[in-house]
1. Just subtract the alpha-carbon distance of Leu283 and Arg131 from 0.36 nm times their residue separation and send over the number in nm, one decimal.
2. Report the extension gain between Ala260 and Glu88 in nm, rounded to one decimal, defined as 0.36 nm multiplied by the number of residues separating them, less their alpha carbon distance.
3. How big, in percent, is the set of alpha carbon pairs in region 81-158 lying more than 13 Å apart?
4. Please order Cys37, Cys179, Cys68 by the number of other Cβ within 10 Å, starting at the fewest.
5. List, in order, the whole-Hz ³J(HN,Hα) value for each residue of region 234-239 obtained from phi through the Karplus relation with A = 6.51, B = -1.76, C = 1.60 and θ = phi - 60°; use x for Gly and Pro.
6. Which of the GluC sites (Glu not before Pro) found in region 62-133 are in a DSSP loop and have at most 13 neighbouring Cβ atoms, other than their own, within 10 Å?
7. With a 10 Å Cβ neighbour count serving as the proxy for reagent exposure, in which order, fewest first, do Trp41, Trp187 appear?
8. Over the chain, what relative contact order in percent results from Cα pairs under 8 Å that are six or more residues apart?
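Values quoted throughout were computed directly from the atomic coordinates according to the rules given, and no laboratory measurement underlies them. Everything quoted here is computed from the prediction, not taken from an experiment. When we count neighbours, we look across all protein chains shown, and the Cβ atoms used for this are built from the backbone with ideal geometry, even at glycine.
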Amino acid sequence: MNAADKAVNKGVAPVTYGTGDRPPRGDYTRARADYTCEQGWADYSREEHALYRKLYERQAALLSGRACDEFIDAVRQLGSANEIPRFEVVTEALYRKTQWQIVAVPGLIPEEAFFALLAARKFPVTHWLRRPEEFDYVVEPDVFHDLFGHVPLLFNPTFADYMQAYGAGGLKATRLKACEYLARLYWHTVEFGLIHTPQGIRAYGAGILSSPGELQYSVGSAEAQRVRFDLERIMRTRYRIDTFQATYFVIDSFKQLFEATAPDFAPIYERVRADKEIAAGELVPTDSVYR
Ligand code: PHE
Ligand code: FE
C-alpha cells in the first residue's frame with residue numbers, strides 16, 4: 001500500500017495535478033474534511049526558517065520597479081523575513097483590513113474545496129516549505145509561494161473581493177462543468193497577471209511574484225508577449241505549467257478586473273465552449289499587444 005492509499009483510508013484523499021507520476025508531498029492524513037490542517041509552526045526546523053529567509057530576501061530585492069505598489073506596500077504585513085510567519089499572526093492583520101483569513105492545508109486541494117474556502121474568505125496556504133535543492137524551482141506550491149506570492153494582495157480590498165467572487169464563481173462553474181475555463185482566468189490573472197500603471201508594467205500575479213526568473217522576464221524582457229486583458233480571450237487560452245508563460249495578460253486596475261468578471265458567466269461559458277481554443281503564445285486579431 002503506498003502513501004496515497006493510506007491517506008484515503010485515514011484522512012481525506014490526496015490531490016495530484018498535471019501529469020506527473022510523483023505522489024503529492026503533503027500529508028493528507030492531517031487534514032480535516034474541508035482540507036484545512038494545523039500549520040504546525042513549532043515543527044519547522046531552524047534550517048527551514050533560514051531557507052524561508054533566503055527565499056524572501058532574494059525576492060524582496062527584486063520587487064522595486066517590478067511588483068505593483070499594492071503588493072510592495074503589503075508585503076511587510078507578512079512580518080519579519082527571519083522566520084516562516086505564524087499564520088494566526090498574519091491573519092490578525094489581514095482580517096482587520098479585508099476580513100480574509102489564512103488557513104493551513106497539506107498541499108494542493110480539490111477544486112471544490114478550494115472554491116468553498118475562497119468563497120468564505122479563507123485563503124489556503126500550504127504549510128510545508130520546499131527543500132534546499134528546490135531553492136530555484138518547486139513543482140508543487142509551498143508555503144513560500146502561497147504566502148509571499150498570494151497573501152499581500154489579499155490586503156487590497158478590491159482584489160480581496162475579486163478572490164471571494166472567484167470562489168463563489170468556482171462553485172457555480174462546477175455545476176456548469178466550466179471549471180477549465182475558470183481555471184484559465186485564475187492562471188492568467190491571480191497567478192500570472194500584469195498590471196499597467198503610470199510607471200509602467202508591473203506584476204501582481206503570485207506565480208510571477210514568487211519566482212525571481214519570471215519576475216524579471218515578464219516585466220522586464222523585450223521578448224515577453226503582453227496582451228491587454230480580455231475575459232473571453234483568456235478563457236479560450238491554454239496555458240503552460242512547466243515554463244515561463246508565453247503570453248501575459250495586462251489589466252489597467254483591480255477595479256477593471258473586478259467589474260469585467262462581475263457579469264453572469266453562464267452565457268460566456270457557452271460561447272467559449274463553442275469557440276476555438278487559443279494555444280499558449282498564439283496571438284489573435286483582436287489582441288491589443290503592449291510594446
Ligand atoms: N461572475 C462570475 C459568474 O457569474 C463569477 C466570478 C467572479 C468568477 C469573479 C470569477 C471571478 O460565474
Ligand atoms: Fe498559486
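1. Details: separation 152, 0.36 × 152 = 54.72 nm, distance 3.77 nm.
Stretched fully, the Leu283-Arg131 segment lengthens by 50.9 nm.
2. 58.6 nm
3. For region 81-158, the fraction of Cα-Cα distances above 13 Å is 68 percent.
4. Result, fewest neighbours first: Cys179, Cys37, Cys68.
5. With the stated coefficients, region 234-239 comes to 5, 5, 8, 9, 6, 9 Hz.
6. Qualifying residues, ordered by number: none.
7. Sorted ascending by nearby Cβ count, the order is Trp41, Trp187.
8. Working: 447 pairs, mean separation 46.2, N = 291.
In percent, rounded to a whole number, it is 16.
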